[in-house]
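Enquirer: Let me begin by handing over the structure; questions about it come next.
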Amino acid sequence: MYRQIMYEKYLSSVDVSEEQLDINFNQNVNFQKEIEVNLPEDKKSKILDLGCGYGSFLNALSILGYENIYGVEVGKEQNDFLSKKGIVVYDQNLVDFLKNCNDQFDCITLFDVLEHFKKDEVVEIVSLLKDRLSKDGVLIVRVPNGEAVFKGSIMYGDFTHETFFTKRSMVQLFKTFDFNIVEVFPVYSFGSTIKARLAKVVYLGYVVFYKILLLIDNSASIEYFVATQNILGIIRR
C-alpha cells in the first residue's frame, strides 16, 4: 500500500522539478564501459528498460539510433513527464507487465530498481525475467551495494528501498535461476576535479584497508568484495 502513496509524488517529495527533469533527460549520458560493450550491436534490437524513471537512458538509446526501445514505469510524475517526450512507456507495475507480456527482448535493463522490492518479490521478478529475455539476450542490473562505505546513505536515503545486494548475493540470486553468466562490476562515480581525485585516493585506501581485514578474518570473502556505492550486473542465460 505504501508504494502507491509514495510513488504518486516520488519526485516532488524530494524537490525534483520538471525543469530539472528536462535538464537530466537531455544531458549527455556517458555509459559505463561494461554497459556500452554489452548493448546489442543491431540497432533494431528490442530493448526494455524496467523502472525507467524519467527516461534518460531510453533517450540516450534513441540518440544512439536504437529503434525498438520500451520502458515500464509506475511513478505518476515520471509518466506524466515521459508522455510529453513521445517515448513508449507502459504505465504499470513491472511484475504485472512481465506476467502479461509475451514478447522477448534482446536487452533488459533495471537501473536502481530491484532494491525497491522485498526478497520474495525479487525472486519472482528474476524468474519472470528469464522468460522475457531472448536466447542470446543480456540483463543489465544496477543495485546499491551492501558492502559499500557509507552504504546507509543510499539504502536508507529512499523510504521505498527494501533490499540490499552484494556481489556475492547477486551471483547467488541469478545462478539460482540458471543464468549461466553472472558478472558483477563496481560502479565508479569519481569526476576529474581535485576534490574528486582526493575522494578516489581515500576510497582506494579504504579498499586496501578493508581487504586486509578480510584476509585476517575470512580470506574467502575477498573474491566477492566490492566497495563502491553501487554494483552493476551483466547477466546472460
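Enquirer: Being at pLDDT 95 or above, of a type in the set (S, T, N, Q) and touching an Asp or Glu at 6+ places or on another chain (Cβ under 6 Å) is the filter here, so list the residues in the stretch 30-79 that pass it.
Expert: The one that is at pLDDT 95 or above, of a type in the set (S, T, N, Q) and touching an Asp or Glu at 6+ places or on another chain (Cβ under 6 Å): 45.
Enquirer: Looking for whichever is over 24 Å from residue 201 (Cβ atoms), out of contact with any Asp or Glu (no Cβ under 9 Å at 6 or more places or on another chain) and not hydrophobic (A, V, I, L, M, F, W, C) here; the options are 134, 153, 169, 189. Which one fits?
Expert: Result of the check over 134, 153, 169, 189: 169.
Enquirer: Find all pairs meeting these conditions: Cβ atoms under 7 angstrom apart; at least six residues apart or on different chains; first residue within the stretch 189-207 and closer than 17 Å to residue 227 by Cβ; second residue of a type in the set (Val, Ile, Thr) and surrounded by 12 or more Cβ atoms within 10 Å (Cβ to Cβ).
Expert: 206/149
Enquirer: Within the stretch 51-86, can you find the residues that are within 27 Å of residue 121 (Cα to Cα) and among the β-branched types (Val, Ile, Thr)?
Expert: 69, 72, 74
Enquirer: Which residues, counting only those in the stretch 185-237, are in a helix (DSSP H, G or I), more than 12 Å from residue 148 (Cβ to Cβ) and hydroxyl-bearing (Ser, Thr, Tyr)?
Expert: Correct list: 219, 221, 224.
Enquirer: Something else now. For the stretch 126-143, does any single residue satisfy the condition of being over 24 Å from residue 93 (Cβ atoms) and crowded, with 16+ Cβ neighbours inside 10 Å?
Expert: Among the residues of the stretch 126-143, not one is over 24 Å from residue 93 (Cβ atoms) and crowded, with 16+ Cβ neighbours inside 10 Å, which makes the answer no.
Enquirer: Filter the stretch 91-125 down to the residues that are more than 26 Å from residue 189 (Cβ to Cβ) and polar (S, T, N, Q), then identify the one that is surrounded by the fewest Cβ atoms within 10 Å (Cβ to Cβ).
Expert: The selected residue is 102.
Enquirer: Keeping to the stretch 123-137, report how many residues are among the hydrophobic types (A, V, I, L, M, F, W, C) and more than 13 Å from residue 50 (Cα to Cα).
Expert: 1
Enquirer: Residue check: is residue 157 surrounded by fewer than 16 Cβ atoms within 10 Å (Cβ to Cβ) and part of a loop (DSSP other than H, G, I, E, B)?
Expert: Yes: the conditions hold for residue 157.
Enquirer: Would you say residue 150 is surrounded by 18 or more Cβ atoms within 10 Å (Cβ to Cβ), of a type in the set (Phe, Trp, Tyr) and in a loop (DSSP other than H, G, I, E, B)?
Expert: Taking the combined requirement at face value, the residue does not satisfy it.
Enquirer: Taking the stretch 70-92 on its own, how many of its residues are touching a residue at least 12 places away in the same chain (Cβ under 8 Å) and in contact with a strand residue (DSSP E or B) (Cβ under 9 Å, 6 or more places away or on another chain)?
Expert: Of the residues in the stretch 70-92, 13 are touching a residue at least 12 places away in the same chain (Cβ under 8 Å) and in contact with a strand residue (DSSP E or B) (Cβ under 9 Å, 6 or more places away or on another chain).
Enquirer: With respect to residue 162, determine if the residue is modelled with pLDDT of 80 or more, within 15 Å of the chain's Cα centre (by Cα), under 24 Å from residue 10 (Cβ atoms) and among the acidic types (Asp, Glu).
Expert: Against the criterion (modelled with pLDDT of 80 or more, within 15 Å of the chain's Cα centre (by Cα), under 24 Å from residue 10 (Cβ atoms) and among the acidic types (Asp, Glu)), residue 162 qualifies.
Enquirer: State the number of residues belonging to the stretch 158-187 that are without any contact (Cβ under 8 Å) to a residue 60 or more places away in the chain and aromatic (Phe, Trp, Tyr).
Expert: Result for the stretch 158-187: 3.
The values are calculated or read from the model by the stated rules, or taken from the named source; none is laboratory data. Here the structure is a predicted model, which is why all the values come from computation and not from measurement. Cβ: placed from backbone, ideal geometry, glycine included. Neighbour counts: every protein chain shown.
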